[in-house]
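What follows is a single structure, written as C-alpha cells, with notes after it.
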Amino acid sequence: MLTMLEEVVLLAVDEKTGTLRSTREFGTAYALVGAVFFDLALARKIDTDTEQIQILDASPTGNPTLDRVLTEMRGRPEVKTVRNWIEALFQSKDDLEGQALASLIERGILLHEKTKRLWIIDVERFPLVNNQPQEHVKLRLTRAILGDGIPETRDIMLVSLAEPCGLLGFFLTDMQRAVRGERIRMLCHLETISRKVAEAIAALDASLRQGGSTSNAAQSLR
C-alpha cells in the first residue's frame, strides 16, 4: 500500500506531461507535511486531542521518511500542537517531495526524465509508467466526495488535505466542487486530526500571504 505522502505526490503529477503541478503557492508542500502526520496517525504512532499531539509509539515504522519525522518529534517535546509541527516541518529542509518521488520511481510507478531547456535549464519530468495507482487515488476521493456515505478514515484524511491545498481540481470539475462544497467541508471536519491539520495549513498559508515568512511563523514555536 502507498503512503499518503506518496498519494499526495501522485495527485500532483500531471498524467499528460509528467510535470508536478500546483494550483496554489506552497499548496503541494502543505499537503506533503500534512500527509506525514496522517501516515503516522494511521500507523498508530501519534494521536491528537483538541490541543496537543501525543506520541503513542516511538518504535520504527520501517519507512525512512516517517521514521525521521517521528525521531524529530520525539526529540522536540517542547513542540506540542499540530499547528506548531506543521510550521516546523514546513520550514525544515527535509525534501518530502523528493523522497516520495524516489519511492514511486523505485516501485515502478513513475519514471524520472531530465532534459535541458535552452541548453541551460534542467527540466525534470516524472511520467507515469503505471497509471493505476493514481487512478485508484482519484477514484477513491471522487467516491468519497460525490457519495453520501461515510468514507474510510484514510480517504477522509486525504480529502482534508486535497481541499485546502488546491488538489481537488486535478480530478473534479468546478461544478462538482461547487455542488458538493458542503460535503467537502463536512469531510474536512469529521476527524479531529484532519480538522487540526487543515486549520494549521490555513493559518500558515494566511501568515505567508499577509507578508509573513517561515521565519516569522517560527516565532510561534518559542
- For the range 164-202, the count of residues that are within 22 Å of LEU5 (Cβ to Cβ) and part of a helix (DSSP H, G or I) equals 17
- Note on the structure: Exactly one of LEU172, LEU168 is buried (at least 18 other Cβ atoms within 10 Å of the Cβ), under 14 Å from the mean Cα position of the chain (by Cα) and over 29 Å from GLN54 (Cα atoms), and that residue is LEU168
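Just to check your reading of the model, which residue among ALA162, ALA198, ALA206 is touching a Cys at 6+ places or on another chain (Cβ under 7 Å) and at pLDDT below 95? Quick ask: steps written out before the conclusion?
Values: ALA162 fails: touching a Cys at 6+ places or on another chain (Cβ under 7 Å); ALA206 fails: touching a Cys at 6+ places or on another chain (Cβ under 7 Å).
So the residue among ALA162, ALA198, ALA206 that is touching a Cys at 6+ places or on another chain (Cβ under 7 Å) and at pLDDT below 95 is ALA198.
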- What's the number of the condition ALA43 fails, among (1) farther than 23 Å from HIS112 by Cβ; (2) under 8 Å from the mean Cα position of the chain (by Cα)? (2)
- Query: Could you give every pair whose Cβ atoms fall below 7 Å, whose first residue belongs to the range 178-191 and is surrounded by fewer than 18 Cβ atoms within 10 Å (Cβ to Cβ), and whose second residue is of a type outside the set (Gly, Ala, Ser) and modelled with pLDDT under 90, counting only separations of at least 6 or pairs across chains?
  - Reply: HIS189/ARG195
- Can you name the condition, by its number, that ALA58 falls short on among (1) under 22 Å from ALA198 (Cα atoms); (2) at pLDDT 85 or above? (1)
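The values are calculated or read from the model by the stated rules, or taken from the named source; none is laboratory data. Treat the numbers as computed from the prediction; the structure is a model and nothing was measured. Here the Cβ is made from the backbone with ideal geometry for all residues, glycine too, and neighbour counts use every protein chain on show.
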